[in-house]
1. Just name the residue that is surrounded by the fewest Cβ atoms within 10 Å (Cβ to Cβ) out of those in the stretch 235-248 that are under 28 Å from the mean Cα position of the chain (by Cα) and touching a residue at least 60 places away in the same chain (Cβ under 8 Å).
2. Working only within the stretch 118-136, note down all residues that are under 19 Å from VAL69 (Cβ atoms) and either out of contact with any Ser or Thr (no Cβ under 7 Å at 6 or more places or on another chain) or surrounded by 20 or more Cβ atoms within 10 Å (Cβ to Cβ) (or both).
3. Restricting attention to the stretch 609-644, and to residues there that are in a strand (DSSP E or B) and open to solvent by less than 30 Å² (accessible area, probe 1.4 Å), which single residue is nearest to ARG489 (Cα to Cα)?
4. Test of understanding: among LEU58, LEU115, which residue is aliphatic (A, V, I, L, M), crowded, with 22+ Cβ neighbours inside 10 Å and touching a helix residue (DSSP H, G or I) at 6+ places or on another chain (Cβ under 8 Å)?
5. Counting only residues that are at pLDDT 80 or above and open to solvent by less than 20 Å² (accessible area, probe 1.4 Å), give me the helices (runs of 4 or more DSSP H) lying completely in the stretch 501-577 with at least 3 of them.
6. Over 22 Å from ASP676 (Cα atoms) and open to solvent by less than 30 Å² (accessible area, probe 1.4 Å): does that describe SER660?
7. Just the residues that are of a type in the set (D, E, K, R) and open to solvent by less than 10 Å² (accessible area, probe 1.4 Å), please, taken from the stretch 777-811.
Amino acid sequence: MDSQSIEFLQLFNGQVQYVVPRWQRRYRWGKSDIERLVDDLLTVASQDSEITHYGGTLLTFPESGPAGVVKSIRVVDGQQRLTTVSILLICIANKLGNTGHCGDWTSENIHDDLLTNPKKPLEKRFKLKLQDGDDDEYRQVLEGNPNGAGAVTQAWKISRQLVARNDVALLLKGLSRLKVVSIGVEHEDPQQIFESLNATGRPLTESEKMKNWLLMGLPDEEQQSLHDNYWLKIEQDLGAKYSTEPIDKFLRDFLRWQTGEVRGIDLTYEDLRRWAVRKGSANKRPALCHELARLAKIYGILTGSAGEHHNWRVERELCHLRAIGIDVHRPLTLRLLDDASSQWAKETFDEDELVKILSGIGSWITRLWLADKPTAGMNIAIAEIAHDRGPDAGDDFAEYWLNQIHRRRNTRVAVPNDDEVLNGIQTRKAYGSSATKSSFAVLYALAEQDHREETPSPDQLTIEHVMPQKLTDKWRIALGDNADEIHKRYVHCLSNLTLSGDHTNAEMGVTPFSQKKSVYERSAIGITRQLAEFDDWNERTLEQRSEDLAHRALKRWPWHEQDTAEVGKQHFTSGLRWRFESGPWRTEDAASQMVLNVAGALLSHDSSNVENLSGEAIIPNIHLASVYPPGSKVGSLTMRTIPGHKQFVMYPYMRDYPTSAERCREMGKRCNISIDVEVSETNEYQSFWKLLKEQTGGLPGQKDTWRGPSQWTTSFNSYGDCIGIYIGNPKLIWLYVRAGESQRSPERSERMKHYSWLIQNQMADQFLGDDIEKNSDKGWTITVQNNWIGDDEDSWPEVADWIKQQQERLQIIITLN
């Protein structure tokens, strides 16, 4: 094994070809990684001294061959840096052009000396050979014809922009000062060497890397002391005796709090080390070990691995957050528990305020789950809130932090309102996979709310379906003519679930409700005992219990928005708002949703308004869902369910905002109720939409008029598949593929899954959504996401370029697959 410190560019000297084996992962560096490398190069180049920049270790396995031929070198570790530097060199050569030069550097000698082996056969002509689709894209980039949707082409686009706006001389100077430790393995198995370098026969986890960095280089005695007094305590408090995963998560969440940024857990060590350097903690490792151990104890109380919190009311809120199984809140909760334990906190507020804010976080998390709202993007919001400077002396601790959640009211992770919670309880699947755990947490919390002293321990209970998962003949008779439809709709809804002990669950089984009632009457659990008050178990009963559970849930997890007049004033950015009579204003992101919500409000106000709003004509009227099922088409018009009244549908899509506003006013007139609607002439999103078209030429099929935050391109294939763009969120923007068919089908779902798989593989350099199964069923793919600040016009040009680039990549995926 030969190890040497070498200038990075010297790796390409001579007739060589670096080959990335097929078992390696594909190229995956994204914008932040490339920008960090370029920043490092510019920084080291700007130094007066001959300082060098250490770029890590390159582990290679040279293959034997006859003299005089291109030497093939397999890359065991280092492909990300080799590929990125090569792409930067391509962009620099392109910027120099055929006649330009920078000192001794020209486009020709960059290509001939560093990127290719001139006059060699095509298979050996390029000094870097990647795997599969990456190699095809790299060759296209090198030949000046990039046309892919993967990470290599995207890296070229990013690098081209960075090279265009920076000094080529500085970049080349930085590259010439870039060094690596090159380890060449000649006889041994390279993968075994790689694993032995990682010390354990497997890749080091993030926390293992962090532990090595904290202890490496210190005297043996000090290493032993830090390990025994701090690192072992971290392992114990986090329950990490047999797995390092709890420490990895702790370090990731600690870093999200400290930086306000969201990065993958596999980058935790790298980012944490950089953070320590910036904070001046890198040379104070004993103090850093002490701080991490102190916070790990608090994190262990948060997760339950280090015991209970000393305040039973705080512990009650933490118990629910653990039980529901949605852990994205932890960076913020860790910050709050740490703040509350400080001397400053003890002198300025009592723990009742901590209970209040933890209860608010519990309401946020639980309402999102009950309303069946996606939590994608919540990790970003949590990191930003946790990183906030915090309240000043004299501020109300709880109100300050609750206000940070209130400020997210117009984002997709806003706390759902009461109607959304009720609708979610009525419709969401609450059993199966992770939903079972969350349902249990909700039901147990409601049981505790009513009968704390008599509620059995949760480990003695299980979830019971009132109406069984498989219908029997007796149950079909009890449910009536639409038994199968009712069963399919409600069997896994929260209204059909309760808690029972193991013996009662087995005893009840699939017995009819009339027999189950006697078992429910004897239950020690209040919410289960109350089921015996119902005479029958049918559709009406299920809807009634949904409303009862919603009432209890809203009481257990309350949420009160700030002054509605202030909300309307500060957040009227969507361009639409309406109100019922002289009630509070409600803002809307989309005109179609406003039409649906107004119809729902009118029906809820007075059931006789059904007659006032009904009629034979499709567009102006509401209709029975039994005649026109939700999602079905009448000609080219797609019918939508009216919120809170799923027995009715309507066609809500009008020509533009003013037409939609007039339709809402007209519905109010038909019911003798005043519906006020205000339409803003322009808003920030509409202005951005205009800039997108002016700067990039627009997206395929982009309209000049603004029709709401959800926009779609023209279709790109025979199915009618198009690309959706959502730009109504002030913090997050995303794109996705939308199926052309409106009706669900296995074929549509499989096609969306296939697209999502391609997006995961070819666009891994981007921040991607998840939940492929759920999205595919709805006719969408996973999302491609990016942060932005909607009211920061200076950032718009860069965001517009990003949208155009991702649209082109998604279009390639649609058209070529």
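1. Among those residues, the one meeting the criterion is GLY239.
2. Hits for the stretch 118-136 are PRO118, LYS119, LYS120, PRO121, LEU122, GLU123, LYS124, PHE126, LYS127, LEU128, LYS129.
3. Per the criteria, the residue is ILE642.
4. Exactly one residue qualifies, and that residue is LEU58.
5. It comes to 513-521, 526-529, 539-556.
6. Criteria not met by SER660.
7. ARG809
Residue-by-condition table, conditions (1) of a type in the set (D, E, K, R); (2) modelled with pLDDT of 70 or more:
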position: ARG177; (1), (2): yes, yes
position: SER196; (1), (2): no, no
position: GLY201; (1), (2): no, no
position: MET210; (1), (2): no, yes
position: ASP228; (1), (2): yes, yes
position: TRP231; (1), (2): no, yes
position: ASP248; (1), (2): yes, yes
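The values are calculated or read from the model by the stated rules, or taken from the named source; none is laboratory data. These figures come from a predicted structure and were not determined experimentally. A quick note on method: Cβ atoms are made from the backbone with ideal geometry, for glycine too, and the neighbour counts reach across all protein chains shown. These area figures cover heavy atoms from the full protein model, side chains too; ligands, DNA and RNA do not enter into them. Shrake-Rupley method; radii C 1.70, N 1.55, O 1.52, S 1.80 Å.
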